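Just below is one structure, and these are the notes that go with it.
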Amino acid sequence: IRDFCLSRGLGDVYKRQSLDMKINMKEWIASILGSEKRIAIPVMTHSGIELLGHTVYDAVTNGEIHARAVKLLSEKYPSAASSVIMDLTVEAEAFGAEIHYSKNEVPSVIGRLVSNLEEVEKLQIPSLENGRVQEYIKANRLIAEDTSKPVVAGCIGPYSLAGRLYDMSEIMMAMYIEPDCIKLLLSKCTEFIKNYCVALKSAGANGILMAEPAAGLLSNEACLEFSSTYVREIVSEVQDESFSIFLHNCGNSGQCTKAMVATGAYGYHFGNGIDMLLALDQCPKDVLVMGNIDPVSMFKMASSRVLYDATKDLLLRTANYPNFVLSSGCDTPPEVPFENIEMFYKALADFNRGMYD
């Protein structure tokens, strides 16, 4: 369809048709599982921001700049999907949390928004018009309008959001002292995240990388009770053939992978603190399992040769797992050397060509 329309000067017709043609994510995943080749989907946006000559602040406050950064990276490198920046303050800000901004670092939450049951009971589930939510929806819409790749939006997980509203240290104590209070907060966080996911889906995103790093601090049982139960509610509401949930938990060292799998997501994304072979063995064979090159010590700090060797080693160790997707362990930081990014993809290309054993 694309070649037919473009050869006849009908680019606008193709674009309109493309917007109505949703990618079947089940088929997309099945094609990955059935291929001998490996793909890469690093969580990487800062490098695109730098290529544009903009700051992190520009991108996290302006959906058009954000989209341009993602599209520029997508054109420059062969990532199998387009993913947005991992900003874990958007949803907290919508609830009313105070946010600290800086020029070239992702925003952070300041202080506590709620501290007891009475305050949680009064807490309103916010509108999607609050804060920067619409800028992130805009970014995903603009990316989806201009790419044939799956667009993986981003959001925070319910437990990690609740921790930012209640304070992370305090919530870990309150889970046992005042579990009803925390579960009420989690239910409100879940409802908002669900609404946000529906809006991102409507904007054209093909999936969500749901970041739930705080749940990695929990045991499997606690993770199941205070995170996975609520993530599964979101999965049940929004995941279908055209939209996938990929659950990210970079805090998990292996102790709560079973709880992650209990969510029923179509994929799981792991940080550099876990052995990927352990993660792959603990996950079903028909879901994507992604990770886990260290974003700081490898992507940013290592030499290009060391990064190449680490990527090569990971690909060789996971060679018998068709559901493995090469990725960074988390969002890559600002100022990653472009030579390192190129060597990351070179290691992938060499593996797929069988150029090393």
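Okay, here's what the table says:
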{"item": "Two-site FRET efficiency, residue 177 against residue 124, from Cβ-Cβ distance with R₀ of 35 Å, rounded to 0.05", "result": "0.90"}
{"item": "Long-range HN-HN contacts of residue 244 with modeled amide H, under 5 Å", "result": "207, 208"}
{"item": "Note, ³J(HN,Hα) from phi for region 79-84, Karplus 6.51, -1.76, 1.60, rounded to Hz, x at Gly and Pro", "result": "5, 6, 8, 9, 10, 8"}
{"item": "Per residue value of the accessible surface for the chain (all protein chains in place, 1.4 Å probe), Å²", "result": "42"}
{"item": "Estimated FRET transfer efficiency (residue 198, residue 275; beta-carbon r; R0 25 Å; 0.05)", "result": "0.10"}
{"item": "Mean Cα-pair separation over length for the chain, i.e. relative contact order, pairs under 8 Å, 6 or more apart, %", "result": "18"}
{"item": "Net +/- balance of residues flanking residue 219 in space, Cβ distance below 11 Å, scoring K and R +1, D and E -1", "result": "-1"}
{"item": "Three-way shape label, region 212-273, alpha-carbon gyration tensor, a/c 1.5", "result": "oblate"}
{"item": "Euclidean distance of C-alpha centroids, region 326-357 and region 249-278, integer Å", "result": "21"}
{"item": "Axial C-alpha extent at least 15 Å, average Kyte-Doolittle at least -0.5 - helices from the chain (DSSP)", "result": "63-76, 133-144, 179-202, 304-317, 338-352"}
{"item": "Near-label residues of region 136-169 by backbone N, under 19 Å of a point 7 Å along Cα→Cβ of residue 117", "result": "166-167"}
{"item": "Accessible surface of region 46-202 [probe 1.4 Å, protein heavy atoms]: carbon and sulfur percent", "result": "48"}
{"item": "P(r), alpha carbons of the chain - 20 Å bins starting at zero, rounded %", "result": "30, 60, 10, 0"}
{"item": "Percent of Cα-Cα distances greater than 22 Å, calculated over region 84-225", "result": "38"}
{"item": "Loop chymotrypsin sites (Phe, Trp or Tyr not before Pro), region 303-357, which have at most 12 other Cβ atoms in a 10 Å radius of their Cβ (DSSP)", "result": "356"}
{"item": "Rg and Dmax [Cα atoms of region 95-134; Å; Rg one decimal, Dmax integer]", "result": "12.4, 37"}
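The values are calculated or read from the model by the stated rules, or taken from the named source; none is laboratory data. Just so it is clear, the structure is predicted and the values come from calculations on it, not from any experiment. Glycine also receives a Cβ, built like all others from the backbone with ideal geometry; neighbour counts cover every protein chain displayed. Side chains included, ligands, DNA and RNA excluded: accessible areas come from the protein's heavy atoms. Shrake-Rupley method; radii C 1.70, N 1.55, O 1.52, S 1.80 Å.
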